[in-house]
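Here the structure comes first, spelled out in structure tokens, and everything after it is commentary.
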Amino acid sequence: MTDLLTSPLHDRHVALGARFAEFGGWSMPVQYAGVVAEHKAVRSAVGVFDVSHLGKARVSGPGAKDFLNSCLANDLDRIGPGQAQYTLCCTGTGGVVDDLIAYLRADDDVLLIPNAANTAEVVRLLAEAAPPGVTVTNQHADFAVIAVQGPLSDELLAALGVDAEFDYMQFRTGRVGGAELTVCRTGYTGERGYELVCSSGDAGVVWDAVLAAGEPLGIQPCGLGARDTLRTEMGYALHGHELSLDITPVMAGLVWAIGWDKPAFWGEDALRAERVAGPVRRLRALKAPGRAIPRPGMDVVGADRAGIGTLTSGTFSPTLGVGIGLALLDPPFKPGSEVGVAVRNRVEPFSVEKAPLVQPQVRS
């Protein structure tokens with residue numbers, strides 16, 4: 001893995017005994033103590049993830065927000081400065097180049113957080129389309145992202161001296177360990193949580209401060225293995241699995257992330273037509289009644305053993321103790337249906353469920 005990119009926290013992960021795997025061209029921790037232990041720490045207390053492989057790009061200049069709003073699928077006019085928004089960069093045929101978070105700092109300054117493997121392509125497409133005066137800058141290596149996730153996240157931030165009393169998808173500036181950073185109430189686990197965006201040079205100071213402050217709370221460093229099981233329990237899409245150039249946001253059930261009422265966005269005509277006609281397949285959650293563990297690429301069949309879909313993600317759920325998955329299914333197969341999954345030359349029964357499969361803890 002010598003040719004892979006590494007996080008500015010790589011040496012700290014090595015010291016913690018992390019096991020690494022390739023993810024989007026980066027060598028990132030997949031687990032430390034083990035996926036199940038890390039998963040349960042996030043559901044019951046608090047975990048910390050290094051997600052510095054995520055991309056960072058700045059779109060700046062007069063009209064930057066309006067320009068982005070004419071390209072990306074969601075409607076940036078729904079939010080104001082200090083708020084973030086989940087959105088999609090689509091092709092003319094409705095496929096998804098990437099899903100990303102847009103941080104609206106001001107009308108002339110927007111930070112984008114795309115996926116690692118797709119950052120360069122998102123930047124290229126936006127830069128080619130940008131009008132005079134609007135600049136698109138790839139800042140992938142300039143910043144680190146540290147995710148604090150779990151029901152005790154607020155207590156952890158309080159111990160760091162950071163005010164966490166703000167709404168979901170809002171962000172503020174703060175300081176941790178003397179380092180200035182952006183704190184956003186976002187995450188990919190379903191639990192209450194925050195993502196800390198700091199300069200790459202400050203990443204070590206912030207990571208060390210988070211671990212020290214979280215020790216009395218039972219904090220657990222978590223790898224991308226637990227991040228995947230957590231997001232699968234919630235039914236969250238992962239690009240390359242539930243979204244791709246061939247899997248549209250309508251198929252993935254992300255119609256809420258499209259600004260249908262705004263004048264224009266990339267892929268508008270194709271997505272509007274698909275919304276009216278209905279998608280050829282629809283993303284659904286699956287749950288096993290027994291011991292079967294589904295995996296991506298497995299076939300899903302109906303009672304007559306005819307193919308009705310394909311697994312896009314599959315794993316063991318540490319919270320439920322059974323196999324779960326996400327699958328693109330023919331439209332008639334809705335929550336409440338019974339289907340089969342071809343697992344190791346056997347057809348195992350699964351129920352079609354409505355996501356999320358796990359309800360995160362609710363704070364008063």
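The values are calculated or read from the model by the stated rules, or taken from the named source; none is laboratory data. Fair warning: this is a prediction, and the values are worked out from it, not measured in the lab. Because the Cβ atoms are built from the backbone with ideal geometry, glycine has one as well, and the counts that use them run over all protein chains shown.
With respect to being touching a helix residue (DSSP H, G or I) at 6+ places or on another chain (Cβ under 9 Å), of a type in the set (Asp, Glu), free of Cβ contacts under 8 Å to residues at least 60 places away in the same chain and at negative phi, Asp163 fits the description. Checking Ile113 against (1) surrounded by fewer than 21 Cβ atoms within 10 Å (Cβ to Cβ); (2) under 28 Å from Leu254 (Cβ atoms); (3) modelled with pLDDT of 95 or more, only one condition comes out false. Which one? Every listed condition holds for Ile113 apart from (1). Here Ala252 meets each of (1) farther than 26 Å from Leu104 by Cα; (2) out of contact with any Gly (no Cβ under 8 Å at 6 or more places or on another chain) with one exception, condition (1). Remark: pairs (first residue in the stretch 98-110, under 30 Å from Ser244 (Cβ atoms) and crowded, with 18+ Cβ neighbours inside 10 Å; second residue acidic (Asp, Glu) and modelled with pLDDT of 95 or more; Cβ separation under 6 Å; 6+ apart in sequence or on different chains) are absent. If you go through the stretch 150-160 and keep only what is without any contact (Cβ under 8 Å) to a residue 40 or more places away in the chain and among the small types (Gly, Ala, Ser), you end up with just Ala158. Residues of the stretch 37-67 that are β-branched (Val, Ile, Thr) and over 20 Å from Pro114 (Cβ atoms): Val42, Val46, Val48. Check the stretch 285-303 and report whether any residue there is in contact with an Asp or Glu (Cβ under 6 Å, 6 or more places away or on another chain) and among the basic types (Lys, Arg). Taking every residue of the stretch 285-303 in turn, at least one turns out to be in contact with an Asp or Glu (Cβ under 6 Å, 6 or more places away or on another chain) and among the basic types (Lys, Arg). Restricted to the stretch 144-258, the set of strands (runs of 3 or more DSSP E) holding at least 1 residues that are at pLDDT 95 or above, of a type in the set (Asp, Glu) and buried (at least 22 other Cβ atoms within 10 Å of the Cβ) comprises 193-199.
Going by the conditions given, is Gly297 outside any strand (DSSP E or B), more than 23 Å from the chain's Cα centre (by Cα), under 19 Å from Ala252 (Cα atoms) and at pLDDT 95 or above?
No, not satisfied.
When restricted to residues that are more than 26 Å from the chain's Cα centre (by Cα), surrounded by 12 or more Cβ atoms within 10 Å (Cβ to Cβ) and of a type in the set (Gly, Ala, Ser), the stretch 314-364 contains 3. So, in the stretch 1-25, exactly how many residues are outside any loop (DSSP other than H, G, I, E, B) and either of a type in the set (Ser, Thr, Tyr) or farther than 24 Å from Glu191 by Cβ (or both)? Total satisfying the criteria: 8. The number of residues in the stretch 116-137 that are surrounded by fewer than 17 Cβ atoms within 10 Å (Cβ to Cβ) and of a type in the set (S, T, N, Q) comes to 2. Filtered by the rule that a residue be in contact (Cβ under 8 Å) with a residue 24 or more places away in the chain, over 30 Å from Pro132 (Cα atoms), among the small types (Gly, Ala, Ser) and surrounded by fewer than 18 Cβ atoms within 10 Å (Cβ to Cβ), the stretch 25-64 gives Gly25, Ala33, Ala37, Ser44.
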